Amino acid sequence: YCKNKDIKLVIGQVRSPHSNSGIFDFQYWSNANYLFSDEIEAAIIISGSFSSSEEIKKELQTHFQKPIVSIGLDYQLSNSYYIHAECNTSYNDVVSHLKEKHGCRKFAFMTARNVNSKESEERFNAFKMALEKNDLEYNENRVFHASFTSSTAITSLKERIKSKEDVDFDVILAANDLMALGCLSYLQEIGIAIPQDVKVIGFDETSHAANT
């Protein structure tokens, strides 16, 4: 969108404020030093991916007084606006399609509850509503929890599914594409044919999904 327009777009991958959980995570938040500089006139924040809305809100209140568009969360700041993705229709369409066109009846779901994400919770609730609308059973034993990453999805499945015989679902939906790719990888590793035995569905239409 910015190409050939009088707009300079700077992209910073910042993760949660001051995160130091990994060896190199300190580098992510250092990008914010530039985003908070006088060079920047406005900011678009992918807020739904942050684990704590209050944590990032505090940083914005302290360091950023310019216009903010938040994608995912409403920070309720005087200088901020937000865009909220409605996912109920999407999940209903997916569940209905899988039921009617592919005969799926046993649905599993991979959440991102381990990072306390509001966006993940909304997608999980949309999934449950879709099951109800389509007269399908919700089974807590087919729900797994991860952290929006492929590796945590694999770990979550490994904790309860040790072999092909432990898989009692014919489709698994994940709250984002990276977790879906983790599910795909592990299920194939234990001998599950995708999509013949189990359908794997992500969310977000990322380049990772398109390239798989």
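The values are calculated or read from the model by the stated rules, or taken from the named source; none is laboratory data. For clarity, every value in this text was computed on a predicted model and none was experimentally measured. Here the Cβ is made from the backbone with ideal geometry for all residues, glycine too, and neighbour counts use every protein chain on show. With ligands, DNA and RNA removed, areas are computed over all heavy atoms of the protein, side chains included. Shrake-Rupley method; radii C 1.70, N 1.55, O 1.52, S 1.80 Å.
Some values worked out for this structure:
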{"quantity": "Choice from THR152, THR62, THR89 showing the highest fluctuation, given a GNM over the chain with Cα pairs closer than 10 Å", "calculated": "THR62"}
{"quantity": "Extension reserve of the GLU140-THR206 stretch, reckoned as 0.36 nm per residue once the Cα distance is removed", "calculated": "21.0 nm"}
{"quantity": "THR89-ILE71 pseudo-label distance in nm [points 7 Å out on the Cα-to-Cβ vector]", "calculated": "1.8"}
{"quantity": "Volume per residue that the Cα convex hull of the range 8-101 spans, once the total is divided by residue count, Å³", "calculated": "143"}
{"quantity": "Two-site FRET efficiency, TYR1 against LYS133, from Cβ-Cβ distance with R₀ of 30 Å, rounded to 0.05", "calculated": "0.25"}
{"quantity": "Options VAL14, THR62, VAL95, ranked by Cα towards positive dipole end of the range 1-151, top entry (Cβ charges)", "calculated": "VAL95"}
{"quantity": "Per residue, in Å², the accessible surface of the range 118-165 once ligands and nucleic acids are set aside, probe 1.4 Å", "calculated": "54"}
{"quantity": "The chain - percent of accessible surface contributed by carbon and sulfur, probe 1.4 Å", "calculated": "49"}
{"quantity": "Per residue solvent-accessible surface (Å²) - the range 17-82, probe of 1.4 Å", "calculated": "64"}
{"quantity": "Heavy atoms of ARG15: accessible area, 1.4 Å probe, square angstrom to 10", "calculated": "110"}
{"quantity": "Global geometry of the range 88-212, whether rounded, prolate or oblate, following the gyration tensor of its Cα atoms and the 1.5 cut on a/c", "calculated": "rounded"}
{"quantity": "Angle between the chain longest axis and helix 53-63 axis [Cα atoms, degrees, rounded to 10]", "calculated": "10"}
{"quantity": "Most mobile listed residue (ALA193, ALA130, ALA153) in the chain, GNM with C-alpha springs under 10 Å", "calculated": "ALA193"}
{"quantity": "Cα-based helix-to-principal-axis angle, 150-160 vs the chain, degrees rounded to 10", "calculated": "40"}
{"quantity": "Members of LYS8/LYS57; LYS57/LYS106; LYS3/LYS101; LYS8/LYS199; LYS57/LYS199; LYS128/LYS164 lying beyond 32 Å, as alpha-carbon distances in this model show", "calculated": "LYS57/LYS106; LYS3/LYS101; LYS8/LYS199; LYS57/LYS199"}
{"quantity": "Electrostatic dipole magnitude of the chain [Cβ: Lys, Arg +1; Asp, Glu -1; Cα centre; debye, to 20]", "calculated": "180"}
{"quantity": "Around LEU184: net Lys/Arg minus Asp/Glu count, Cβ-Cβ under 11 Å", "calculated": "-1"}
{"quantity": "Acute angle (nearest 10 degrees) that the helix 88-102 long axis makes with the longest principal axis of the chain, alpha-carbon atoms", "calculated": "30"}
{"quantity": "Stretchable slack from PHE26 to ASP166, in nm (0.36 nm times residue separation minus alpha-carbon distance)", "calculated": "46.5 nm"}
{"quantity": "Gyration tensor verdict on the range 56-143 (Cα atoms; rounded if a/c is under 1.5, prolate if a/b is larger than b/c, oblate otherwise)", "calculated": "prolate"}
